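Worksheet for the structure shown next.
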Amino acid sequence: MFPLKKVIVSLVLAIFFSGCSSDAVVQNQTAAPPAKEVTNTGTEPKQSVDNSTSYNQIASYMEEESKKAFSPYYELVEFTVSDYEEKTVDGKVEATFGYQVKYKNFEKDPDTVDYIKAAKEKNDPNYQQLYDEYLQPKDMSFHLKAVVEDADSITLYTNVSPKGIQWEKAVMSDFILKK
């Protein structure tokens, strides 16, 4: 394991270089999500998102997984599924969607946070911005695909292509940069 000082220095550098003002750095997935309506293949009629059992299952799964991954670092404020589209492939529901988590740092005096304290001590010109932004809500956005294997199993994929679509298996904790 790294000595604590090395981990803190690495974390401060990661935050500084990423432009984030948080205790953990989160990768944002920003590829544009797909079309807006829920659709099924075959002869099934289009259904509204409100009537989709798969939609509700995926939304609940995403909230639970997001809480497991990000709640040690942030206060999670809101979870939003958008541009949801589903189809049946080989008997399994595949859904693509945009996912957004609104979060903020835990309530505390920003001047007690190590990287803000260090900026203040060094008269860093970014100190006031870091201080002001510390308690402001922020958004994480993802372009995801979920495959509902059965009633208790969902496999998550993220779009890793900056242009186009290339799905790679993922879990929500993959979006936390670890140094």
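No value in this document is a laboratory result; all are computed from the given coordinates. As the structure is a prediction and not an experimental result, all values here were calculated from the model. All Cβ positions, glycine included, derive from the backbone under ideal geometry; neighbour counts span all protein chains shown.
This model, with +1 at the C-beta of Lys and Arg and -1 at the C-beta of Asp and Glu, gives the stretch 68-179 a dipole about its Cα centre of some 360 debye. From the residues 140, 53, 73, which one has its Cα farthest along the dipole of the stretch 53-149 in the positive direction, the dipole being from +1 and -1 charges on Cβ of Lys/Arg and Asp/Glu about the Cα centre? Comparing the listed Cα positions along the dipole, 73 ranks first.
Give me the number: length gained by fully extending residue 123 to residue 92, i.e. 0.36 nm times residue separation minus the C-alpha to C-alpha distance, one decimal in nm. Provide the component values of the computation, followed by the final result.
On the way: separation 31, 0.36 × 31 = 11.16 nm, distance 5.68 nm.
Taking residue 123 through residue 92 to full extension adds about 5.5 nm, to one decimal.
Restricting attention to the stretch 115-179, close to 100% of DSSP beta bridges with both partner residues there are antiparallel. Take the Cα of residue 75, step 7 Å toward its Cβ, do the same at residue 168, and the gap between the two points is 3.4 nm. In this simple spin-label approximation, residue 149 and residue 63 carry label points 7 Å from Cα along the Cα→Cβ vector, and these lie 2.4 nm apart. Treating r as the C-beta distance of residue 109 and residue 136 and R0 as 25 Å, the FRET efficiency rounds to 0.95. For the stretch 161-169, the Karplus equation 6.51 cos²θ - 1.76 cosθ + 1.60, evaluated at θ = phi - 60°, returns couplings of 8, x, 10, x, 10, 9, 7, 10, 4 Hz by residue, with Gly and Pro reported as x.
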